[in-house]
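**Student:** Mind looking over this structure? Questions follow.
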Amino acid sequence: MSASGKSSTLRHGVILLAVSAFALSAGYWVADSFLVTPPDLSGLHGTVFGKPRDIGSFKLADHTGKTFDNLALQGRWSFVFFGYTHCPDVCPTTLSVLNSVARKLKDHENDVQFVFITVDPERDTPEKLGQFVSYFNGAFIGVTGSNAAISELTRQLGVIFARVTDTAGADNYLMDHTASVLLFDPAGRFHAVFSPPLNAADITDDFGRISQAYR
């Protein structure tokens, strides 16, 4: 074989080796990208959605008068509960549980927020909401808005509420409402839900696993 023939064969060998090496590297990249074992979220007390749910635009106001909309749910995890200040049992109990969760997550207080949205805006003024949520935790956020705006948001989230007629007086009525706590991720998406009975330790443990698996 001539010198030029040997040189050509050598070049072809080098090129083939380079192509093979690239293909092997690409194969490893594909395997690493698509065959990664998903985080194990089995055994949770709450329910995590396979695909977090985007919600349509909404506009409410917190108890300080500041706008509370989709942007207010972004940048941190949000525990959201729907209730009302005249609630005799479920709401105080739930906010007490959430206060315990907040205490357990104190090292992550900049990464989470706790939001109480009223389903009784006729009686729950911003001032009353502020007093109510602050009783449980000074960092909790009370949120209100028009009946129409609240109804539209709850419809998207599958939250149900209804006024219960009470003959004792026009302002002396109760509200039936969903008693679950909703969890929104830092992208503002409905990520998980915790249903009664609620336990602070269970919620905190679940949140630790959920937030670690989040990406």
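The values are calculated or read from the model by the stated rules, or taken from the named source; none is laboratory data. Keep in mind that what you see is a predicted model, and the values were worked out from it rather than measured. Every residue, glycine among them, receives a Cβ derived from its backbone with ideal geometry; neighbour counts consider all protein chains shown. Only protein heavy atoms, including side chains, enter the accessible area calculation; ligands, DNA and RNA are left aside. Shrake-Rupley method; radii C 1.70, N 1.55, O 1.52, S 1.80 Å.
**Student:** What is the Cα radius of gyration of segment 66-125 over 2.2 N^0.38 Å, N being its residue count? Before the final figure, lay out each step's value.
**Tutor:** Details: Rg = 12.7 Å, N = 60, 2.2 N^0.38 = 10.4 Å.
Expressed relative to 2.2 N^0.38 Å, the Cα Rg reads 1.22.
**Student:** Quick check for me: using +1 on Lys/Arg Cβ and -1 on Asp/Glu Cβ, what's the dipole size of segment 153-212 about its Cα centre, in debye to the nearest 20? List each step's numbers first, then the result.
**Tutor:** Values: 4 positive and 7 negative charges, 50 e Å.
Computed charge dipole of segment 153-212: roughly 240 debye.
**Student:** Let me ask something else. Would you please give the FRET efficiency between residue 163 and residue 49, computed as 1/(1 + (r/R0)^6) with r the Cβ-Cβ distance and R0 = 35 Å, to the nearest 0.05? Walk me through the intermediate numbers first.
**Tutor:** On the way: r = 30 Å, r/R0 = 0.85.
E(calc), rounded to 0.05, equals 0.75.
**Student:** Here's something else I'd like to know. Can you give me the P(r) profile for segment 34-147? Cα pairs, bins 5 angstrom wide beginning at 0, each as a whole percent.
**Tutor:** Whole-percent P(r) values from 0 Å outward: 2, 10, 19, 21, 19, 14, 7, 4, 2, 1, 0.
**Student:** Quick one: pull the percent of accessible area on segment 74-206 belonging to carbon and sulfur, 1.4 Å probe, ligands and nucleic acids left out.
**Tutor:** Numbers: 2980 of 6090 Å².
Result for segment 74-206: 49 percent of the exposed heavy-atom area is carbon or sulfur.
**Student:** Based on the inverse mean of 1/r over its pairs of different Cα atoms, what is the Kirkwood hydrodynamic radius of segment 145-215, in Å? Working shown, then result.
**Tutor:** Working: mean 1/r = 0.0681 Å⁻¹.
It is 14.7 Å.
**Student:** Could you size up the charge dipole of segment 42-171 around its Cα centre, putting +1 on the beta carbon of Lys and Arg and -1 on that of Asp and Glu, and report it in debye to the nearest 20?
**Tutor:** Roughly 360 debye for segment 42-171.
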